[in-house]
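Laboratory data are not the source of any read-out in this text; all were calculated from the coordinates shown. Just so you know, these numbers come straight off a predicted model, no measurement behind them. Every residue, glycine as well, gets a Cβ built from its backbone with ideal geometry; the counts of neighbours run over all protein chains shown.
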Amino acid sequence: MKPSIEIQEDKVNLSKEEARQVRRRSVALLADILAPVRLHLLFAVVLVVLSMVLKTAMPWIISEALNTTINPLMAGDAGPATRMVLLYAGAGVLSAICIYTNILLTYKISQSALYDLRQRMFDHSQKLSVGFHETYTSGRVTSRLTSDLDTIRQFLDSGLSELASTLLGIIFTVVALFLMDWRAGVALAIAFVPVWLLTLWFRRASSLTYRAQRVASARIISRFAETFTGIRAVKAFRAEPQVRRDYAAAAEDYRARVMESVKVHGLYMPTLQALGNTFVAAVLVIGGYAVLGGSMQVGTLLALVIYANRVFEPIFMLSEFYNMFQSAVSALEKVSGFLAEKPQVREPEHPAQRLTPAQGDLVFDGVEFEYLDGTPALHRLSAQVPAGQHLALVGATGAGKSTIAKLVARFYDVTTGSISLDGVDVRQLSDAQLRREVVMVTQEAYLFEGTVADNIRLGDPTATDEQVHEAARTVGAYDFIMSLPQGFATDLAKRGGRVSAGQRQLISFARAFLADPAVLILDEATASLDIPTEQLVQRGLETLLAGRTSLVIAHRLSTVLNADRIWVVDAGHVVEDGSPSDLVAHGGRFARMVGAWEESNAVS
Ligand SMILES: Nc1ncnc2c1ncn2[C@@H]1O[C@H](COP(=O)(O)OP(=O)(O)OP(=O)(O)O)[C@@H](O)[C@H]1O
C-alpha cells in the first residue's frame with residue numbers, strides 16, 4: 001500500500017538519476033541563496049588567493065634575505081637587508097588585512113544566506129498542507145530548522161573559506177617546494193604515497209562515523225522535541241521513566257558514536273604527524289648534504305624546511321573540512337528536499353471571484369476520500385447543507401467525522417467529487433478567501449504566546465480593540481478576561497497554561513466570532529467542564545453559531561439536540577440524516593445513542 005502523502009526525504013535507495021536530481025536541487029538552492037551576495041563572495045575568493053600567495057611568499061623572502069643580504073650587511077651595506085625586512089613585514093601586514101577582511105566578509109555572506117534560508121523554510125512549512133505535517137513530525141521540522149541549518153551555517157561561516165585557503169595553501173607550498181629544489185619535490189612526491197593511503201582510510205572511516213554521529217544527534221533532538229510537545233501525555237500517563245530510558249538510550253548511542261569518531265581521529269592525526277616529521281627530517285638530511293656540497297644555500301634550506309613543515313598539517317585540516325563539507329552537503333540535501341515538498345493542497349492560480357459574499361450554502365457532490373491509497377475514509381457523500389443550517393456530526397471514534405470537517409476546511413482535497421460553497425468549488429477559492437469564509441475551531445483551542453487580545457485578534461488582524469472586546473462580550477468571555485491580572489493585555493503562558501480548558505474555548509470562540517465566517521466548523525472539546533462553565537460555553541457556542549452554517553463534531557447531548565440536522569457517521573458512510581426529533585422517532589442508531597446518553601446522565 002502506497003501512502004498518498006509521500007515525503008521525498010524518506011526515500012533511501014535513490015537511483016543514479018534521483019541522486020543527480022537531489023544534487024542539482026541542492027546546488028541550485030545554494031546558488032540561489034548566495035546570488036544576492038555573489039560580489040561579496042567573489043571578493044572573498046580574491047582575498048583568500050591573495051592571502052595564500054603572501055603566506056607562501058614569506059619563507060621565500062626569508063630565504064632570499066639569508067642568501068643575498070648577509071654579505072652586503074657584513075660589508076656595511078644595510079640597504080638590501082632593510083628592503084627584505086620591509087618586504088617581509090609588508091607581506092605579513094597585508095596578509096593579516098586580507099584574512100581579517102575575509103573573515104568579516106565570510107560571516108556577512110553566511111549570515112545573509114542563512115537568514116534567507118531560515119525565512120524560506122519557515123514560510124514553506126506554513127504553506128505545506130496539514131497532511132504533510134501529520135506525516136512529517138514536528139521533531140523533524142525542528143531538526144531541519146535547527147541542526148541542519150546550523151551545519152550549513154558552520155560550513156559557510158568558516159568551513160568554506162578554510163577549505164579554500166587550506167587547499168590553495170597546499171598547492172602553493174608544493175609548487176614552491178618544487179621550484180626551489182626539485183630533489184625536495186621528489187621526496188615530497190614519495191612521502192605523499194603513504195599520506196594519500198592513510199587519508200583515504202581516514203576519509204572512509206571518518207565519514208562513516210561522522211554520519212552515524214549525525215543520525216544519532218538528530219535522534220536526540222527529535223526525541224527531545226517530541227517529548228516536550230507531548231509533555232502533557234507524558235505526565236498524564238506517568239511515562240517519565242519510559243521517556244527517560246528512551247532519551248538515555250539515544251544519548252548513550254550518541255556518546256558511543258562520538259567515541260568511535262574520536263578513535264579514528266586519534267589514530268590519523270599522530271600517524272600523519274609522524275609522516276610529516278619524517279619528511280622534514282628527510283628534507284634536512286638531503287638539504288644538509290646539498291648545503292655541505294655547496295649546491296644549496298642555507299637560506300634555501302631554511303625555506304624548504306618551513307615549506308616541508310607546512311605541507312602536512314593542512315592535510316589533516318583538509319580531512320576535517322571534508323567531513324564538514326559532507327555533512328553540510330547532506331544537510332543541504334535535506335533542507336532542499338524540505339523546500340521541494342509541494343503542498344498537496346494548492347492554491348488555484350486563478351481563484352474564482354465572488355460578486356456577493358458567501359452565505360454558507362454547502363454542497364457535497366459524490367465526495368470520496370482516501371488518506372492512504374485503497375483505503376477509503378469517506379464513501380461517496382452527496383448532500384446539501386443550506387446556508388444557516390446547524391449540522392451536528394455524531395458517530396463512533398474513527399468513523400470519519402473529522403475527515404468530513406477537514407475536507408470542508410480544505411485541509412485535504414477530496415479524492416473524487418467536489419465540495420462547493422455557494423456554487424464555487426472550494427478548490428477554486430484563494431487561500432485568503434477560503435479562510436475568510438470557512439473557519440475551523442479545533443478541540444485543542446490552541447492559544448499562542450502573546451496577550452489575550454492578540455489571540456482573539458488572530459480571527460481578524462485588522463480588528464480594533466473595541467471589536468475584540470465586543471467579540472469577547474458576545475461569546476461570554478468578557479467577564480473572565482477582565483478578571484485576569486491585566487485584562488485583555490494579560491500575557492498567556494505557552495499553550496494557555498494559565499487559563500482553564502473552558503476559558504480557552506471561550507477565547508477561541510471569540511477569535512472565530514471575530515473572523516465572522518459563513519461556515520463554521522467546530523470540533524467540540526470532549527473535556528468535561530464544570531456545570532457553570534459548561535453553560536457558559538454552551539451559550540457562547542450558540543451565539544457563535546447563530547446566523548451561519550455550522551458543522552459541529554458533537555460530543556455533548558445539548559449540542560446535538562439543539563442542531564437542525566444530524567449526520568450519523570459510521571465507517572466512512574453517513575448512515576442517518578435528519579432532524580434530531582425525526583431521528584429519535586425513527587428509532588435507529590441516533591435514537592439508541594440519545595437513549596444511552598440520557599441513561600448515563602441519569603446515573604451521574
Ligand atoms: N492523517 C491520517 N492518515 C491516515 N489515516 C487517517 C488519518 N486521519 C484519520 N485517518 C483514518 O481515517 C478514519 C476516519 O478518521 P476521523 O479522524 O475522520 O474519525 P472521527 O470520526 O473524527 O474520529 P474521532 O471522533 O475519534 O475524532 C479512521 O480510520 C482514521 O484511522
Quarter of the Cα convex hull surface for segment 508-567, i.e. its orientation-mean projected area (nm²)
4.0
Just how large is the dipole of the chain about the Cα centre, in debye to the nearest 20, putting +1 at every Lys and Arg Cβ and -1 at every Asp and Glu Cβ?
2100
What is the dipole size for segment 416-566, taken about its Cα centre, with +1 at each Lys and Arg Cβ and -1 at each Asp and Glu Cβ, in debye to the nearest 20?
240
Could you tell me how far the Cα centroid of segment 502-579 sits from the Cα centroid of segment 67-106, in Å?
83
Between helix 160-180 and the chain: long-axis angle, C-alpha atoms, 0 to 90°, nearest 10
20
q = 0.25 Å⁻¹, segment 354-432: log10 I(q)/I(0) [Debye, one scatterer per Cα]:
-1.34
For residue 431 and residue 133 in one chain, what is 0.36 nm times their gap in residues minus the Cα-Cα distance, to one decimal in nm?
105.5 nm
Specify the angular offset, from 0 to 90 degrees and rounded to the nearest 10, of the alpha carbon long axis of helix 298-340 from the longest principal axis of the alpha carbons in the chain.
10
Highest-first arrangement of 52-59, 577-584, 426-433, 246-253, where packing means the average Cβ count within 10 Å:
52-59, 426-433, 577-584, 246-253
For segment 564-604, evaluate the Debye formula with one uniform point scatterer on each Cα (no solvent term) and list log10 I(q)/I(0) at q = 0.20, 0.25, 0.32, 0.33 Å⁻¹, rounded to two decimals.
-0.61, -0.82, -1.03, -1.06
Hull surface over four for the Cα convex hull of the chain, reported in nm², is 38.2
Ordering of 321-332, 347-358, 96-107 by packing [mean C-beta count within 10 Å, highest first]
321-332, 96-107, 347-358
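Just need the relative contact order of segment 18-340 here, percent rounded to a whole number, with Cα pairs under 8 Å and 6+ apart.
This gives 31 percent for segment 18-340.
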What are the equivalent ellipsoid semi-axes of segment 191-282, built from the alpha-carbon gyration tensor (square roots of five times its eigenvalues), in whole angstrom, biggest first?
44, 10, 8
Output ordering of 302-310, 367-375, 26-34 (per-residue mean of other Cβ within 10 Å, highest first) is 302-310, 26-34, 367-375
Once Lys and Arg get +1 and Asp and Glu get -1 on their Cβ, which of 243, 201, 62 lies farthest toward the positive end of the dipole of segment 18-340?
243
Along the positive direction of the dipole of segment 265-383 (beta-carbon charges: Lys, Arg +1; Asp, Glu -1; about the Cα centre), which of 355, 273, 343 reaches farthest?
273
Selection from 563, 476, 415 lying farthest towards where the dipole of segment 362-603 points positive, charges on Cβ
476
Segment 292-358: radius of gyration over Cα atoms, expressed as a fraction of 2.2 N^0.38 Å:
2.82
Shape descriptors of segment 362-603 over alpha-carbon atoms, Rg and Dmax in angstrom, are 18.3, 54
What number do you get for segment 408-552 when its Cα radius of gyration is normalised by 2.2 N^0.38 Å, N = residues?
1.07
In the chain, what % of DSSP beta bridges are antiparallel (nearest 5)?
55
Beyond 23 Å, the calculated P(r) of segment 253-399 holds a percent of Cα-Cα pairs equal to 72
What is the distance in Å between the Cα centroid of segment 277-319 and that of segment 171-214?
16
To test your reading of the geometry: what angle, between 0 and 90 degrees and rounded to tens, separates the Cα axis of helix 182-229 from the longest principal axis of the chain?
20
Across 20 Å bins from the origin, how do the percents of Cα pairs in segment 18-340 run, short distances first?
24, 46, 23, 6, 0
